[in-house]
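Trainee: Okay, handing you the structure first.
Please treat every number below as a calculation from the coordinates, not as lab data. The shown structure was predicted, so the numbers you read here are calculated from the model rather than taken from an experiment. Ideal geometry is used to build each Cβ from the backbone, glycine not excepted, and the neighbour counts take in all protein chains shown.
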Amino acid sequence: MHKVHDSDDGQFRLLQHGTTTHGAQRIRDDAGKPVIGRPEPLTYYFRGSPISDVLDAARARKGAPLKIAAVGLGAGSMTCLVEAADELMFFEIDPTVIAIARNPRYFTFISGCRPQVPIVVGDARITLGRAAAAAYDVIVIDAFASDSVPAHLLTREAMALYAGKLAPGGLIALHLSNRHMELMSVGHVVAKSAGLVSLGKDDDLPEDAEDGYRFESTVVVAARTKADLERLAKRKDWDEPDASELAVRPWTDDYANPLGAIWRKLRE
């Protein structure tokens, strides 16, 4: 069930799917006055978040506007995080989410930042698979929620597909935050099994960050070579996988182990 509602203090508009918040927009300031102008991206897309780090690193390496594919639309927050010259395309399976994100009565990320952003409807393993080879500088996979993990987007075969759509020097970012499962090790090991190298970051924010709907996130970023990850490796808290993370059996189209991921989370 999708639910659009305002926070108890009336300052934020929220998009929830099950128990997961997929988007938040500030609609009133501390004095209760409406916030106007370009929306500020929040939740997992605020400036300084791991996803923001990935975009900044890719832009610095390329030295030119980016071509970005984003799997998972949410409230459309990423439209206000990317630069104006960047090319952005969303891949979203749920038409209801698209209708909500495009409706300025609910959220104005899309209408305020990129009204004509293209959104491809369907399962990303199929729709992104139709894209040209080497089409994107950054591919963001943000289709996982604590209530639902589409495992077919987190397999060795899926990573190989993403890699085939990646331009030279490009980055694949997997947003793997989950309250019930430890998925960072899965991200690392499927990247390795697809012939890629990876870094991971578990965000660590001040305790009051969630009051402004800035959420901690777990992100694995994969690339073809360590040189492609050099700029991220120099940033705070981006780490290479350790031996225990690479000891997990990689998920494939024939094998996934969500119970193992739940057990690892319980042991944290």
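Trainee: If we count other beta carbons within 10 Å of each Cβ, what is the order of 213, 162, 45, 255, fewest first?
Mentor: The order, fewest Cβ neighbours first, is 255, 213, 162, 45.
Trainee: Could you check which residue among 229, 205, 171 shows the biggest mean-square fluctuation in a GNM of the chain with a 10 Å Cα cutoff?
Mentor: Evaluated over the chain, the most mobile residue of the options is 205.
Trainee: Also, quick follow-up: Can you give the translational diffusion coefficient of the range 47-267 in µm²/s, computed by Stokes-Einstein from the Kirkwood radius over Cα pairs at 4 °C and 1.567 mPa s?
Mentor: Reported coefficient: 73 µm²/s.
Trainee: What's the exposure ranking of 61, 214, 47, going from fewest to most Cβ atoms within 10 Å?
Mentor: 47, 61, 214
Trainee: Please find the FRET efficiency linking residue 33 to residue 247, where r is the Cβ-Cβ separation and R0 is fixed at 45 Å, and quote it to the nearest 0.05.
Mentor: Computed FRET efficiency for residue 33 and residue 247: 0.25.
Trainee: Next up: Where does the chain land at 222 nm, in deg cm²/dmol rounded to the nearest 500, when only DSSP H runs of n ≥ 4 count, each adding -39500 (n - 2.57), divided by all residues?
Mentor: -6500 deg cm²/dmol
Trainee: Continuing with the same structure: How much length would be gained if the chain were fully extended between residue 148 and residue 207, taking 0.36 nm per residue of separation minus their Cα-Cα distance, in nm to one decimal?
Mentor: 18.6 nm
Trainee: About its Cα centre, what dipole magnitude does the chain give when the only charges are +1 on Lys and Arg Cβ and -1 on Asp and Glu Cβ, stated in debye to the nearest 20?
Mentor: Here the chain has a charge dipole of around 820 debye.
Trainee: Taking neighbour Cβ counts within 10 Å as the exposure measure, how do 108, 96 sort from fewest upward?
Mentor: 96, 108
Trainee: Which one of 135, 49, 209 is farthest out on the positive end of the charge dipole of the range 47-267, using unit charges on Cβ (Lys, Arg +1; Asp, Glu -1) and the Cα centre as origin?
Mentor: Result: 135.
Trainee: Also, I was wondering about something else. Considering only the range 47-267, what is the antiparallel percent among its DSSP beta bridges, to the nearest 5?
Mentor: 45
Trainee: Do the alpha carbons of any pairs in 3/33; 3/234; 192/265; 165/201; 33/67; 165/234 sit beyond 28 Å of each other, and which pairs?
Mentor: From 3/33; 3/234; 192/265; 165/201; 33/67; 165/234, over 28 Å: 3/234; 33/67.
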